[in-house]
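Peer 1: Structure below; questions to follow.
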Number of protein chains: 2
Amino acid sequence: MDVKFKVWVEKKGEVVLSNGKLNILKTIDQLGSIHKAAEQFGMSYRHAWGMVQKIEKRSGIKMLETQIGGSDGGGANLTTEGKAFLAKYEAFSKGLDKLIENKFSKAFSKG
Amino acid sequence: MDVKFKVWVEKKGEVVLSNGKLNILKTIDQLGSIHKAAEQFGMSYRHAWGMVQKIEKRSGIKMLETQIGGSDGGGANLTTEGKAFLAKYEAFSKGLDKLIENKFSKAFSKG
């Protein structure tokens, strides 16, 4: 048997961040583009952009700074505050699987 | 912000037990009746019974012993093995919220 879990952060009952949303934000930053990141996750630009806006509204943190136009057609990158927020979430998330698996093994190995 | 989580146990990719299923099994045992427990959770008898059968099949543990008929119209109670399995799950589940919340607080209190 395997233990499975899902974890996420809420504010006033609304999801602020989850592993899925974290991955999308990081991919936007890596590719420098909401458009390309949305494509990679098989979602529409509209959906990805709406997701970012919800994260920003609910966390109260501006996540992305976008440049419009230019020779490379603009771009989107994480703000310093956004990066700091994601780093905290990753620090929380890191090792959580081992923690939960250990507690599971301990409980189920008895008797 | 609040951290939220869901946890469950799987076998070969199928859910064996979750907090929800645990509660239903315990309620069946307390009320001595699948029928009454199903009613309390707003589900059909058929659904509750199917759920119990899936848990038994996936865990390989007979969870309920049922008595048919008698002056009280039969009844359903947890087997010794079923009780032991649920006790292990509860031992695992107990304190998990605090563990996760502490890890969350630590990560998010920095900086």
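The values are calculated or read from the model by the stated rules, or taken from the named source; none is laboratory data. Computed from a prediction, not measured in an experiment: that's the story for all the values here. Every residue, glycine as well, gets a Cβ built from its backbone with ideal geometry; the counts of neighbours run over all protein chains shown.
Peer 1: Just one of (1) touching a residue at least 12 places away in the same chain (Cβ under 8 Å); (2) surrounded by 14 or more Cβ atoms within 10 Å (Cβ to Cβ) trips up B:Asp97, so point out which.
Peer 2: The one condition B:Asp97 does not meet is (2).
Residue-wise test of (1) within 25 Å of A:Phe5 (Cα to Cα); (2) surrounded by 15 or more Cβ atoms within 10 Å (Cβ to Cβ); (3) at pLDDT below 95; (4) charged (D, E, K, R).
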site	(1), (2), (3), (4)
B:Val7	yes, yes, no, no
B:Leu17	yes, yes, no, no
B:Leu22	yes, yes, no, no
B:Lys26	yes, yes, no, yes
B:Asp29	no, yes, no, yes
B:Gly50	yes, no, no, no
B:Gln67	no, no, yes, no
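Peer 1: Taking segment B:90-109 only, how many residues are among the charged types (D, E, K, R) and within 7 Å of chain A (Cβ to nearest Cβ)?
Peer 2: To start, the set of residues in segment B:90-109 that are among the charged types (D, E, K, R) comprises B:90, B:94, B:97-98, B:101, B:103, B:106.
Next, from what is left, pick out any that are within 7 Å of chain A (Cβ to nearest Cβ): B:103.
Qualifying residue count, segment B:90-109: 1.
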